[in-house]
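Here the structure is laid out as structure tokens; the discussion comes afterwards.
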Amino acid sequence: MLLNDQEPQLLRDYLVRRGWIDESEPITTLEKPGEGNMNYTLRVSTPIRTLIIKQARGYVEKYPTIVAPAERAVIEGYFYEAVQSVPMLAEQMPQLMGLDPENNILVLEDLGQAPDYTTLYQPGQLLSDDEQAVLTDYLANLHHHFAVVTPTPVFSNKAMRALNHEHLFVYPFLVDNGFDLDTVQPGLQELAMSYKTDSALKTAAQRLGDVYLADGPTLLHGDYYPGSWLHTDAGPKIIDPEFCFYGPPEYDLGVFVAHLQLANQPDKMAERVLALYREKAPVDDSLRQQFTAVEVMRRLIGLAQLPLHLSLGQKAQLLIDARKVFV
Ligand SMILES: Nc1ncnc2c1ncn2[C@@H]1O[C@H](COP(=O)(O)OP(=O)(O)OP(=O)(O)O)[C@@H](O)[C@H]1O
Ligand SMILES: [Mg+2]
């Protein structure tokens, strides 16, 4: 079964067969619910409900030449299943309505026409105190409730980690990776070059990359940035745990803080987030800073670019600060 918005009848038959809608239930509309790069996602509306249906294919939807493990949808589904045991976490995420491992499809509760938080990168946007608290509590609770001695094999997610590892720790630091950063912003390629030719930095990134690839003590969301947070009437909700794995909590927290920097939030906000987190769980702040630094660098000089509103000068300063973390 390949999801396709051009074939509503096939989709309806499939949903009926799986028992996710009734036999008599027509599909009234099919639409793309929001921006996504990795997967094929649709909002299915019928007269009595709406559902979000998400399929992973063996490649990245937006860049079909990039191979990606199709089982990521199943692993994402297992994450949703796992958090059911912790009400605070389940409440912060859509309900899992169905999972079809054979077709790498998951069906989620529709949280409505909620934009994600990538608007935060626009000038003048600030996360409120409540939003900061919800987003921090979610992480602290996730890391606390799913801390184990021996990681669950199902969440090993090695292939997704390998893919992300490439984009975090390798690709941004390659002198010649075929991506002209001047197409993002004139002058960015030259700015990036001093980091791409910095062999001490490359070694440090490689060492941190090994930490990322090694299993760690707790379940992580794995992609904790504004694109994974939806702005609903009931506050921020968290989606898209397809990069989850058992790793160091400093990874999720480091990524979170990196995006506060990329969204030009006041330094005090990151300090508050870290303080709130530390009330619930310990943090190795040196490791956290390293993950923050690499995430900042890869978002500025790697492939996974964001709708940032930063001048070249602001990017240069963020890169300098990130580089300082690796002495
Ligand atoms: N449960 C939901 N309720 C409402 N909207 C949703 C829901 N799940 C996803 N969406 C919408 O669909 C978009 C894409 O979903 P999602 O981020 O899970 O896909 P993705 O392909 O994994 O994206 P990415 O490439 O950013 O990882 C979201 O940004 C959001 O707008
Ligand atoms: Mg995703």
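The values are calculated or read from the model by the stated rules, or taken from the named source; none is laboratory data. Here the structure is a predicted model, which is why all the values come from computation and not from measurement. Cβ: placed from backbone, ideal geometry, glycine included. Neighbour counts: every protein chain shown. Side chains are part of the model used for accessible areas, which takes the heavy atoms of the whole protein and leaves out ligands, DNA and RNA. Shrake-Rupley method; radii C 1.70, N 1.55, O 1.52, S 1.80 Å.
Here are the numbers:
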read-out: Filter pass, K54 being within 17 Å of G227 (Cβ to Cβ) and open to solvent by 60 Å² or more (accessible area, probe 1.4 Å); value: no
read-out: Evaluation of E35 against (1) closer than 28 Å to A162 by Cα; (2) more than 14 Å from ligand 1 (Cβ to nearest atom) (one fails), failing number; value: (2)
read-out: Test result for G235, touching a Ser or Thr at 6+ places or on another chain (Cβ under 8 Å) and at pLDDT 95 or above; value: no
read-out: Complete set of residues in segment 142-171 that are among the polar types (S, T, N, Q), in contact (Cβ under 8 Å) with a residue 60 or more places away in the chain and not in a helix (DSSP H, G or I); value: T152, S156, N157
read-out: Flag for Y224 being within 16 Å of ligand 2 (Cβ to nearest atom), open to solvent by less than 10 Å² (accessible area, probe 1.4 Å) and either closer than 17 Å to N141 by Cα or at pLDDT 95 or above (or both); value: yes
read-out: Candidates G209, G178, filtered to the one that is surrounded by 15 or more Cβ atoms within 10 Å (Cβ to Cβ) and either more than 25 Å from V283 (Cβ to Cβ) or away from ligand 2 (no atom under 16 Å from the Cβ) (or both); value: G209
read-out: Segment 108-130, subset in a helix (DSSP H, G or I) and over 27 Å from N39 (Cα atoms), residue farthest from ligand 2 (Cβ to nearest atom); value: D129
read-out: Helices (runs of 4 or more DSSP H) within segment 208-327 that include 3 or more residues under 23 Å from R72 (Cα atoms); value: 249-262, 285-301
read-out: Among (1) open to solvent by less than 10 Å² (accessible area, probe 1.4 Å); (2) at positive phi - the single one N264 does not satisfy; value: (1)
read-out: Which numbered condition D180 fails, given (1) within 28 Å of V325 (Cβ to Cβ); (2) within 15 Å of ligand 1 (Cβ to nearest atom); value: (2)
read-out: Odd one out for S45, checked against (1) within 16 Å of ligand 1 (Cβ to nearest atom); (2) more than 17 Å from N104 (Cα to Cα); (3) open to solvent by 40 Å² or more (accessible area, probe 1.4 Å); value: (3)
read-out: Subset of segment 86-101 (residues that are free of Cβ contacts under 8 Å to residues at least 24 places away in the same chain and in a loop (DSSP other than H, G, I, E, B)); value: Q95
read-out: From the options Y40, Y59, Y14, residue that is touching a strand residue (DSSP E or B) at 6+ places or on another chain (Cβ under 9 Å) and free of Cβ contacts under 8 Å to residues at least 12 places away in the same chain; value: Y59
read-out: Residue count, segment 33-52 (criterion: away from ligand 2 (no atom under 14 Å from the Cβ) and touching a Ser or Thr at 6+ places or on another chain (Cβ under 7 Å)); value: 5
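Per-residue answers, yes or no, for (1) out of contact with any helix residue (DSSP H, G or I) (no Cβ under 6 Å at 6 or more places or on another chain); (2) at pLDDT below 95; (3) in a loop (DSSP other than H, G, I, E, B):
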{"position": "D5", "(1), (2), (3)": "yes, yes, yes"}
{"position": "D13", "(1), (2), (3)": "yes, no, no"}
{"position": "S24", "(1), (2), (3)": "yes, no, yes"}
{"position": "L30", "(1), (2), (3)": "no, no, no"}
{"position": "P33", "(1), (2), (3)": "yes, no, yes"}
{"position": "R43", "(1), (2), (3)": "yes, no, no"}
{"position": "I53", "(1), (2), (3)": "yes, no, no"}
{"position": "I66", "(1), (2), (3)": "yes, yes, no"}
{"position": "I75", "(1), (2), (3)": "yes, no, no"}
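Here is a yes/no grid of residues against (1) under 23 Å from K54 (Cβ atoms); (2) more than 16 Å from ligand 1 (Cβ to nearest atom); (3) among the small types (G, A, S):
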site	(1), (2), (3)
G216	no, yes, yes
D223	yes, no, no
I238	yes, no, no
D285	no, yes, no
M297	no, yes, no
L303	yes, no, no
